[in-house]
Amino acid sequence: MVDGLLTGEDGLARCAWHGGLEDYRRYHDEEWGRPVADDVRLFEKLCLEGFQSGLSWLTILRKRDNFRAAFHGFDFRVLAQKDAEQAMPRHLADAGIVRHRGKIASVYNNARRAVELADEAGSLARFFWAFEPGPGERPERLDWASLSALGRTPASIRISKELKKRGWSFVGPTTVYAFMQAMGMVNDHVEGCVCRTRIEAARAAFVRPA
């Protein structure tokens with residue numbers, strides 16, 4: 001690994017965190033950092049980042065289909081109508097997900113809060129993308145050292161505060177920053193990664209919700 005990069009068998013350099021694992025590499029290449037405007041997918045990403053707290057993202061990624069099956073595809077309008085306590089025994093018996101009572105309850109709480117927020121703002125996408133950080137809040141060059149120094153940023157702190165004010169849970173600044181990375185609000189593919197310019201192009205073409 002040099003400067004946070006790992007060269008694959010195809011001769012291409014990528015962010016080293018995928019570790020050469022095929023499923024992790026696909027996530028890195030095809031999903032991570034690509035801009036998302038779909039409300040259900042945004043809700044899913046934020047929930048899964050909450051589940052990831054204290055664990056590895058690879059653990060969550062490999063359980064993602066199980067999470068989707070357990071939580072109605074993360075359709076927050078469906079989840080908002082469900083009784084968390086009634087569903088809890090089923091979830092706690094499901095070895096396919098992370099069986100953490102607080103995080104499970106948070107999905108249902110946040111689903112209700114998401115309905116309120118989407119109705120207030122017009123969409124979750126419109127709310128979240130309004131917090132996109134400007135160039136002045138971003139490193140001039142995103143190398144391994146500058147990426148390692150990130151984790152919570154002014155934008156993630158602002159979003160976290162707004163969500164907590166509205167009653168969301170498991171949305172601390174570090175969790176929110178990981179969400180920002182995953183949903184393409186920032187491009188944290190390091191310099192030299194084959195995906196960095198691809199993501200920049202996708203972000204340039206992306207129409208921000210207004």
Please state which of the following conditions A87 fails to meet, knowing it meets all the rest: (1) within 21 Å of the chain's Cα centre (by Cα); (2) small (G, A, S); (3) not in a loop (DSSP other than H, G, I, E, B).
(1)
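For every residue, the table says whether it meets (1) of a type in the set (A, V, I, L, M); (2) surrounded by fewer than 20 Cβ atoms within 10 Å (Cβ to Cβ).
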site: R126; (1), (2): no, yes
site: E140; (1), (2): no, yes
site: L150; (1), (2): yes, yes
site: A155; (1), (2): yes, no
site: M183; (1), (2): yes, no
site: V190; (1), (2): yes, no
site: V194; (1), (2): yes, yes
site: A201; (1), (2): yes, yes
Single residue of the stretch 57-84 satisfying the filter (in a helix (DSSP H, G or I) and of a type in the set (D, E, K, R)) that is nearest to the chain's Cα centre (by Cα)
R64
Need pairs with beta-carbon distance below 9 Å; first residue of a type outside the set (A, V, I, L, M, F, W, C) and within the stretch 69-84, second loosely packed, with under 15 Cβ neighbours inside 10 Å and in a helix (DSSP H, G or I); sequence gap 6+ or separate chains.
H72/V78
In the stretch 1-44, which residue that is surrounded by fewer than 22 Cβ atoms within 10 Å (Cβ to Cβ) and basic (K, R) is nearest to F127 (Cα to Cα)?
R41
Scan the stretch 62-91 for residues that are surrounded by 13 or more Cβ atoms within 10 Å (Cβ to Cβ) and either among the hydrophobic types (A, V, I, L, M, F, W, C) or at pLDDT below 95 (or both) and report the count.
11
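Return yes when G54 is outside any helix (DSSP H, G or I) and of a type in the set (G, A, S) and no when it is not. Even if it seems obvious, please write down each step before you answer.
On the way: outside any helix (DSSP H, G or I): yes; of a type in the set (G, A, S): yes.
Answer is yes for this residue.
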Restricting to helices (runs of 4 or more DSSP H) lying wholly in the stretch 94-173: which have 2 or more residues that are at pLDDT 95 or above and of a type outside the set (V, I, T)?
101-121, 124-129, 154-165
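The values are calculated or read from the model by the stated rules, or taken from the named source; none is laboratory data. These numbers were taken from a predicted model, which means no experiment stands behind them. Counting neighbours? That spans all protein chains shown, and the Cβs are built from the backbone with ideal geometry, glycine included.
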